[in-house]
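Derivation of every value follows stated rules applied to the coordinates shown; laboratory data play no part. The model shown is predicted, which means the values in this text are computed figures rather than measured ones. Note that we place each Cβ from the backbone using ideal geometry, even for glycine, and neighbour counts take in every protein chain shown.
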Amino acid sequence: MADTNTFVAAATMTTTASTADIWALWVDVRGWTNWDNGLERIEMKGNFKAGNSFELTPRGGEPITVNIKTVTQGEEFSDEAVLPFGTIRTYHRMETIGKRVKLTHEIHAEIASEAAGFFEKEIWPHMQSGLPESVNNIVGIVQAE
């Protein structure tokens, strides 16, 4: 994309939950609606591995095809959606620090300049506010188990 605007946001929390419990939530793609309130529906196509894809429907939006780019079992995964107005990459990572796990979700959006104003006003605020909410929801679920 020639002329783009970049948007970046991240949310991090630590938890005493196990990496296995967090990983189980991540690989259960159909269950993402349990911790990401911005999703209406999600459907995995194939297994949870790099190269496969899923169809994600944002609440009130149209379905989007998302491709899984990287998977490091029990540690991280990333995905990418190539849309008419730009590319959105999402990174999900966890790191063990002593007896705690640091959980991070991060979004990088490269948006065509002509669509950046609309994206910044109508879409980005929901994506930004959804990050800490989703991470908090995951921590709440795994600590309750």
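Some observations on this one:
- Count of region 97-112 residues, restricted to those that are surrounded by 13 or more Cβ atoms within 10 Å (Cβ to Cβ) and either small (Gly, Ala, Ser) or part of a helix (DSSP H, G or I) (or both), is 2.
Residue-wise test of (1) exposed (fewer than 15 other Cβ atoms within 10 Å of the Cβ); (2) closer than 17 Å to residue 135 by Cβ.
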residue: 7; (1), (2): no, no
residue: 15; (1), (2): no, yes
residue: 37; (1), (2): yes, yes
residue: 60; (1), (2): yes, no
residue: 63; (1), (2): yes, no
residue: 81; (1), (2): no, no
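- Residue list for region 85-108, filter: in contact with a helix residue (DSSP H, G or I) (Cβ under 8 Å, 6 or more places away or on another chain) and farther than 20 Å from residue 42 by Cα: 85, 86, 94, 96, 101, 103, 104
- Single residue of region 116-145 satisfying the filter (surrounded by 12 or more Cβ atoms within 10 Å (Cβ to Cβ), hydrophobic (A, V, I, L, M, F, W, C) and under 16 Å from residue 22 (Cβ atoms)) that is nearest to the chain's Cα centre (by Cα): 131
- Applying the criterion of at least 3 residues that are under 30 Å from residue 99 (Cα atoms) to the strands (runs of 3 or more DSSP E) found wholly in region 1-67 leaves 4-15.
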